[in-house]
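A quick write-up on the structure given underneath.
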Amino acid sequence: MATSIPIIETRGTHYEVGHQIGVAAREHLRAMHAETCAEYRSTWQQLLRASAPFVAATQQRLPNVLEEMRGVAAGAEIPFDDLFLMSVEELLYEEVRGLEVRNWKLEVGDTRSSPALPTPSPVTRHPSPPKGCSDLAAAPPATRDGHVWLAHNNDLGASSRAHLFVTRFRVTGEPEILAVTVGGWFISIGMNHAGVSLTGNQLNANDSRAGVPRLLIVRDILAQTNLDDALASALMPERASSYNNIIGSQDRRIVNAEGSATAAAVTWAHTDDGIIAHTNHYLAPEMLHLEADAAHRNMSASRCARALDYAQKYRGHIDFEICARLLRDHVYAPWSVCKHAGQSVTVFSAIIDLTELKLWLARGNPCENEFSLYTI
Ligand SMILES: [Zn+2]
């Protein structure tokens, strides 16, 4: 089975880079757009109105990202508002849909005003979104060779496999970014030439709100030139919600920001002998009350337990081979690290040697496909 993921090469201003991506991935973005519109058909217009405060917050905090998105929309010939809504998981997964009617009516249609973030309210829950991920991150003294190693399985709906790209962002004034994207622009993971990497996991929190969509914050994290600025980006107070962001740095630091809209637990690899393991549920005691998906916790806990098994067993010996072995692991199947069944399956697998800025990727399940090397 072919394992390589096609590359999109870009260069220029934010808008130019976005436009190049939109043109290169037009067929894929338009297919994703059609699928999303069909899924939300009856509520799409209502969701567009509800996305207005998200647009306003992003315009204020991340204007460059929004400018890049305008380029993508133009290049792909998709209405900008539709493309923006496709990035607002907080609305599409109904994490904050319940807030819309109660709190956002007055803000809708006034996208130029400063975003007034509504007070979190009880959340209307959507069935568990088809996303998951398993991560192991290791720095000295946990690694065999003193490098920083990251292992990541990305679990999504199987249809996402067809829309995967590796996108090289060469934006004037930013470090070059090499990222795995869905549709060329929506970033899953990546690293940049300044030696900053981002991997991580979807979380389901009960305090999501209007703000900068977590999916767009990812783009800003990878634009930073050092770990401290990347962490500050991940925890920007305007965030609508948060992933569990694992940020690595060539200076051998790795930080885990287990966030939500209003809170975050920050842990450092060096306080646990150089290791971080995480999947799709809250681990920090102070974050447990924010968990909105306790019913599916076991599907995540089994994968986390397995990553922790590897962390314990191979501490001091972690390298490419150990990362690859974990990512191909089937213990606790069907809720295994290499995931073949359920709403989400492993659509790509990644290993990063951040010290040497090397990224290996396997499309699909890594037990069935070889890793291919991509470099900055
Ligand atoms: Zn497998």
Whose amide H sits under 5 Å from the amide H of Lys358, counting only residues 5 or more places off or on another chain, with H placed in the peptide plane?
Asp353
Karplus-derived HN-Hα couplings along region 131-136 (A = 6.51, B = -1.76, C = 1.60, θ = phi - 60°), whole Hz, x at Gly and Pro:
9, x, 7, 10, 9, 10
Whole-Hz couplings from phi, Karplus 6.51/-1.76/1.60, listed for region 138-150; x for Gly and Pro:
9, 10, x, x, 7, 9, 5, 10, x, 7, 9, 10, 10
With θ set to phi - 60°, apply the Karplus curve 6.51 cos²θ - 1.76 cosθ + 1.60 along region 168-173 and write out the HN-Hα couplings as whole Hz, x wherever there is a Gly or Pro.
9, 8, 10, 9, 3, x
Post the alpha-carbon centroid distance, region 1-63 to region 205-279, in whole angstrom.
22 Å
For Lys358, go through the aspartates and glutamates and keep the ones whose alpha-carbon is under 16 Å away, minus same-chain ones fewer than eight residues off.
Asp145, Glu176, Asp251, Asp319, Glu321, Glu370
Whether region 216-278 is rounded, prolate or oblate, judged on the alpha carbon gyration tensor where a/c under 1.5 counts as rounded
oblate
Work out, step by step, the length gained on full extension between His289 and Cys37: first 0.36 nm times the residue separation, then minus their alpha carbon distance; give nm to one decimal.
87.4 nm
Compute a Gaussian network model of the chain, connecting alpha carbons closer than 10 Å, and tell me which residue from Leu47, Leu326, Leu235 fluctuates the most.
Leu47
Spacing of the two label points (7 Å from each Cα toward its C-beta) at Glu9 and His193, in nm:
1.4 nm
What share of the DSSP beta bridges in the chain is antiparallel, in percent to the nearest 5?
90 percent
Describe numerically, in nm with one decimal, the distance between label points set 7 Å from Cα along Cα→Cβ at Trp44 and at Glu176.
3.9 nm
What percent do you get for the relative contact order of the chain when only Cα pairs under 8 Å and 6+ apart count?
20 percent
When the chain is fully extended, how far beyond the present Cα-Cα distance does Asp82 get from His340, taking 0.36 nm per residue of separation?
89.8 nm
Suppose each label sits 7 Å from its Cα in the direction of the beta carbon; what would the His317-Asn64 distance come out to in nanometres?
4.3 nm
Can you list residues whose amide H is under 5 Å from Arg239's amide H, if they're 5+ apart or on another chain and H is modeled 1.01 Å from N?
Val212
Diffusion constant of region 7-103 at 37 °C, which comes from Stokes-Einstein with the Kirkwood Cα-pair radius and 0.692 mPa s, µm²/s
235 µm²/s
Can you tell which of Ala261, Ser197, Val148 lies farthest toward the positive end of the dipole of the chain, using +1 and -1 charges on the Cβ of basic and acidic side chains (Lys, Arg; Asp, Glu)?
Ala261
With unit charges on the beta carbons (Lys and Arg positive, Asp and Glu negative) and the dipole taken about the Cα centre of the chain, which residue among Gly173, Met236, His330 sits farthest to the positive side?
His330
Assuming a viscosity of 1.306 mPa s and a temperature of 10 °C, what translational diffusion coefficient in µm² per second does Stokes-Einstein assign to region 280-351, Rh being the Kirkwood radius over Cα pairs?
119 µm²/s
Relative to the longest principal axis of the C-alpha atoms of the chain, give the angle of the C-alpha long axis of helix 297-313, reported between 0 and 90° and rounded to the nearest 10°.
30 degrees
Can you tell me how region 169-278 classifies by the Cα gyration tensor, rounded, prolate or oblate, using a/c under 1.5 as the rounded cut?
oblate
Using a Gaussian network model on the chain with a 10 Å cutoff between Cα atoms, which of Gly195, Gly173, Gly211 fluctuates the most?
Gly173
Gyration tensor on Cα atoms of region 132-375, a ≥ b ≥ c root eigenvalues, a/c under 1.5 rounded, else prolate if a/b beats b/c, else oblate, says rounded
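Just so you know, all these numbers are worked out from the coordinates, no wet-lab data involved. Since this is a predicted model, take the numbers as computed values, not measurements. Note that each Cβ is placed from the backbone with ideal geometry, even for glycine, and that neighbours are counted across all protein chains shown.
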